[in-house]
1. Looking only at the range 33-47, decide whether some residue is in contact with a strand residue (DSSP E or B) (Cβ under 6 Å, 6 or more places away or on another chain), outside any helix (DSSP H, G or I) and open to solvent by less than 10 Å² (accessible area, probe 1.4 Å).
2. In contact (Cβ under 8 Å) with a residue 60 or more places away in the chain, more than 22 Å from Q153 (Cβ to Cβ) and surrounded by fewer than 24 Cβ atoms within 10 Å (Cβ to Cβ): is that true of E214 in this structure?
3. State all residues of the range 130-169 that are among the β-branched types (V, I, T), part of a loop (DSSP other than H, G, I, E, B) and under 21 Å from N84 (Cβ atoms); if no residue qualifies, say none.
4. Please find, within the range 15-30, the residue that is nearest to Y185 (Cα to Cα) out of those that are basic (K, R) and without any contact (Cβ under 8 Å) to a residue 40 or more places away in the chain.
5. Quick one: in the range 381-423, of everything that is among the β-branched types (V, I, T) and either over 21 Å from S325 (Cβ atoms) or surrounded by fewer than 24 Cβ atoms within 10 Å (Cβ to Cβ) (or both), which residue is farthest from the chain's Cα centre (by Cα)?
6. Would you mention how many residues in the range 513-527 are touching a residue at least 60 places away in the same chain (Cβ under 8 Å) and assigned to a strand (DSSP E or B)?
7. Just a yes or no: is a residue in the range 262-270 part of a loop (DSSP other than H, G, I, E, B) and at positive phi?
8. Among the listed residues F132, F121, identify the single one that is over 22 Å from T196 (Cβ atoms) and of a type in the set (F, W, Y).
Amino acid sequence: MNYSEIYESWLGDARLNAEAKNELENLKDNKEEIEYRFGAELEFGTAGMRGIIGYGTNMMNVYTVKRATQGLAEFIKTLPAETNATSRGVVISYDTRLKSDEFARAAADVLAANGICAYLFGDVHPVPMLSFAVRNLNTVAGIMITASHNPKQYNGYKVYGEDGAQMSPEDTDVVVGFIKKIDDYLGIPAPTEEQTKKYIKTVPSKVDKKYYKELKKLTLSKKAVKACGKDLKLVYTPVHGSGYIPVTTILKKIGINATVVEEQTKKDTDFSTVEVPNPEFKETLSMGIALANKIGATVVFGTDPDSDRLGVAVKNGEGEFEALSGNQVGILLLDYILTRLKEENALPANAAVVKSFVTTGMAKAICKQFGVELFEVPVGFKFIGEKIKLWEKDRSHTYIFGFEESCGYLRGTHARDKDAVVASMLCAEMVCYYTYIGKTVFQRLQEIYETYGYVLDSNISIPFKGLNAMKDMNAVVDGLKTSPVTKFDIYDVAAVRDYSSDTKTDVATGATSKIGSPLTNCVYYELENGSFICVRPSGTEPKLKIYFSVKAHHKADAEAALEKMKSAVNKIIKA
């Protein structure tokens, strides 16, 4: 059937709920919108599904959620009997987005109808607590209903494996295979009353308590917190998201005072006080900054709706608030963690740090200084989780810290995804530590630059539209592989990494070698001066992402170099 016929079949189906029928009837004269909604199926990738809320096969709605969950259920039922997969079940959590609670309940119903136990949180809980619950309850999988930091029109569906990390690409492929076999979106089985009572359970409150207990073990500066925590002037905003309770709870438990932006503690599905609920942007933290100026605070931090990302703003040398990039927060936390472990003689001899390969090159210099091995993985925190899992088995390394430039951080192995709750705790504790020794966070950042040289990290996103958006932006990346680039303005390319073939090519000699990385569609240019440029399609939204990491002696030099690099990349992309 074509998109028009699929639209008519939905509209004429007696099983369609009243809300959907009304919404779709209002589209009858909008051919373009009907084509968008029914001309494709919402893609289920390695990060799950993410899309605009609305009815249709290419939208986030109760029917696409049920279909995805039925595919997951079919996968679980194929697992070996000795794994007890159906009785171990699935944990389901959700954030404060529109329909998140409805989608979570729909997922639980589908699992119950398939005879699979579903543990459903009684209220919003963030990504890291879902990841922790999967591990703590020993379930076979987890589901998180969220669209992370996307605009309010979006929602999403993420699946986690039994280790608490996002499901592996291999298992995801199997789940997708089952999903694609389901043509009847409206025919997913509903549970009987008996199945609902038997299989749907509330996550025990003790899981939350155990999570906080694990986080408390990760504190690094108890003496400084005891001296400065109660009088600390620090502002936190959950930006209407699920981080409010867990972040304020853990700060209170370790003895740190934080002033919250009260207006942004409300569960507001419209995120009405911000343009987008993304704490990477200074504008999103503007209410927190205003409050900080009012009370004389020097640090503001905020979390996104599912509380897996942390944004930070600090007062600079001129007394103005400056929003730090995810890379800057990452190197501050990395430097702080390694410094404190070394000061306490607690840094393991086989300590290891993991970052995505698009994350700042400065991490390499910091790890080298502390004698810590640094590992690079593709974008996606599940790859950091895989390193943790590997090292738990072979004991070759001790995981210390993992981070991504997109404001994602994890210390500890209690969870296997980004954890803005533990990152908030560490950031607040870091402020106490530097206050205790007579510094500010901004001053420490400048010291890091003086020690290791200045590195300017930046990225741009080029949006793609239409049904073929994902295909089109992947084609741009594929084109770079067939048109070798040896120079970006005055910057020579030393080597090119093609992550889709796991191949690194030395530009001068033409020699090739294996990268040793999972396959992903990405081209990475190593420049002669230690800088890099990386081009990859987003895995969660139709955007082509271009990353720049520029090494220079001073900030002004780096900024000038960045502009030259951007101009050179734009010419190549448009060529």
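1. Checking the range 33-47: not a single residue is in contact with a strand residue (DSSP E or B) (Cβ under 6 Å, 6 or more places away or on another chain), outside any helix (DSSP H, G or I) and open to solvent by less than 10 Å² (accessible area, probe 1.4 Å).
2. Judged against the criteria, E214 is a match.
3. Selection gives T139, V140.
4. Quick first cut of the range 15-30, residues basic (K, R) only: 15, 21, 28.
Among the residues that remain, those that are also without any contact (Cβ under 8 Å) to a residue 40 or more places away in the chain are: 21, 28.
Numbers: K21: 14, K28: 20 Å.
Residue satisfying both the conditions and the ranking: K21.
5. T398
6. 1
7. Checking the range 262-270: not a single residue is part of a loop (DSSP other than H, G, I, E, B) and at positive phi.
8. Working: F121 fails: over 22 Å from T196 (Cβ atoms).
That would be F132, the only listed residue that is over 22 Å from T196 (Cβ atoms) and of a type in the set (F, W, Y).
The values are calculated or read from the model by the stated rules, or taken from the named source; none is laboratory data. What you are looking at is a predicted structure, and each value in this text was computed from that prediction instead of being measured. Glycine gets a Cβ as well: all are built from the backbone with ideal geometry, and neighbour counts include every protein chain shown. The accessibility values were calculated without ligands, DNA or RNA, using every heavy atom of the protein model including side chains. Shrake-Rupley method; radii C 1.70, N 1.55, O 1.52, S 1.80 Å.
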